[in-house]
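Below is one structure, written out as structure tokens; comments come after it.
The values are calculated or read from the model by the stated rules, or taken from the named source; none is laboratory data. Note that the structure is predicted; figures quoted are calculated from it, not measured. Backbone-built Cβ (ideal geometry, glycine too); neighbour counts: all protein chains shown.
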Amino acid sequence: MYSLAAYGAMIADRVRMEAYAEALRRTVKPGAVVVDIGTGPGIWAVLACELGASRVIAIEPDSIIQVAREVAASNRCSEKIEFIEKISTRFEPACQADVIVSDLRGVLPLAGQNIPAVVDARRRFLAPRGVLIPRRDKVWAVVVEAPKSYQQCVEPWERNVLKQDLSPARRRAVSTPQAVRATPDQLLAKPKLWTRVEYATIEDFNAHGELEWTVERSGTGHGILLWFDTDLTEDVGFSTAPSASETIYGSLFFPWQDPVSLVTGQNVCVQLEAKLLEEDYVWRWTTGIESPNGTDRIQFEQSSLQGAVISLQALQKQASGHVPRLSEEGCIHRRILEMMDGHASLEDIARRLAAEFPARFTRWQQALSYVGAVSQKLGE
């Protein structure tokens with residue numbers, strides 16, 4: 001969930017705003033049906049109305065949708081916009097869309113359940129000749145010299161004031177991709193295309209590929225840097241490359257286990273994989289670096305799983321042979337779900353919950369806030 005300030009930063013990003021606005025101007029025709037997935041404060045939904053759309057469906061699961069409703073009212077668009085306060089995959093459309101617009105990305109397009117959400121909308125919402133915005137993202141990668149970003153990653157664990165051995169934390173830190181800002185002079189080779197996301201046809205949400213570079217400038221390699229270019233519509237798009245105008249996205253930095261001195265002509269090979277597991281991607285990057293004379297080779301094998309902080313007890317609870325049982329909190333949760341039958345009010349549920357779990361809730365009003373949170377997350 002983004003804060004209002006974060007949405008403000010998105011709106012302040014002129015590169016992003018102007019590109020999306022131009023894409024909508026080129027695709028939204030009078031009378032069109034437009035679906036805006038992840039509408040946030042409703043900017044694209046209102047613009048679609050102003051461009052002549054007869055109906056706009058603005059989908060947003062978070063509370064920012066209330067701001068979108070108020071923005072629509074302020075711009076006299078409320079009658080044309082239907083606001084859906086849920087994730088798009090749980091929405092059943094009554095009609096097909098001529099245009100589906102979304103900006104479901106993190107630093108890269110491969111983030112969370114964003115691509116599956118677009119694919120689901122394409123299958124169920126989009127008319128046969130409908131338009132997807134964006135239509136394509138291309139992800140680029142390059143070897144990067146990033147001393148400041150690398151230092152921020154490892155220095156707390158290498159030089160702590162108590163002089164303790166914090167190497168276990170350092171190992172995790174260098175296996176955690178980081179959002180950074182980079183400049184063109186930090187690149188040590190020519191960028192290579194790693195993967196394309198073709199929204200009109202994509203079915204596989206994972207990505208993998210081998211990248212090989214020849215170092216073009218001697219320096220210290222700290223890892224690899226990824227960014228994306230987007231085609232929103234034909235001839236309309238933008239780039240988040242270090243050489244492009246700054247946007248809210250930045251780049252994603254994959255540190256190496258240790259910095260490596262590189263010289264012009266040296267070869268660097270990286271096998272990069274992103275695999276969607278549950279709610280987010282697991283990244284794996286395996287790096288091979290030949291010595292300048294070809295007699296030796298540096299090898300790093302890293303994964304964002306190695307960077308995850310998971311206790312042994314938590315891992316044991318996920319083992320296939322573990323026999324789970326509900327905690328008291330789980331029992332309370334289950335009881336609430338049982339009583340959410342479409343007949344009992346939140347007050348009814350809270351009163352019964354307080355009576356059944358007096359050690360947990362001293363007053364029914366205390367239980368009410370708990371029940372309300374469960375209802376907001378899982379109820380309708």
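The figures follow:
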read-out	value
Some residue of region 317-331 being within 25 Å of the chain's Cα centre (by Cα) and surrounded by 10 or more Cβ atoms within 10 Å (Cβ to Cβ)	no
Any hit, region 174-181, residues being surrounded by 19 or more Cβ atoms within 10 Å (Cβ to Cβ), over 23 Å from the mean Cα position of the chain (by Cα), under 17 Å from Gln151 (Cβ atoms) and at pLDDT 95 or above	no
Out of Pro242, Pro259, sole residue that is closer than 24 Å to Lys192 by Cβ, touching a residue at least 24 places away in the same chain (Cβ under 8 Å) and touching a Pro at 6+ places or on another chain (Cβ under 7 Å)	Pro242
Residue match in region 131-150 (condition: in a helix (DSSP H, G or I), in contact (Cβ under 8 Å) with a residue 12 or more places away in the chain and surrounded by 14 or more Cβ atoms within 10 Å (Cβ to Cβ))	yes
Cβ pairs under 9 Å, 6+ apart, first in region 35-56 and in contact (Cβ under 8 Å) with a residue 12 or more places away in the chain and farther than 16 Å from Arg16 by Cβ, second in a helix (DSSP H, G or I) and of a type in the set (Phe, Trp, Tyr)	Val56/Trp44
Matching entry among Glu234, Glu216 (being surrounded by fewer than 21 Cβ atoms within 10 Å (Cβ to Cβ), modelled with pLDDT of 95 or more and of a type in the set (D, E, K, R))	Glu216
The one condition in (1) more than 22 Å from Gly250 (Cα to Cα); (2) not in a loop (DSSP other than H, G, I, E, B) that Glu18 fails to fulfil	(1)
In region 86-124, the residues that are of a type in the set (A, V, I, L, M) and in a strand (DSSP E or B)	Ala97, Val99, Ile100, Val101
Residue identified as surrounded by 15 or more Cβ atoms within 10 Å (Cβ to Cβ) and over 26 Å from the mean Cα position of the chain (by Cα) among Asn267, Asn293	Asn267
Selected residue [out of contact with any strand residue (DSSP E or B) (no Cβ under 6 Å at 6 or more places or on another chain) and closer than 27 Å to Gln313 by Cα] from Arg352, Arg335	Arg335
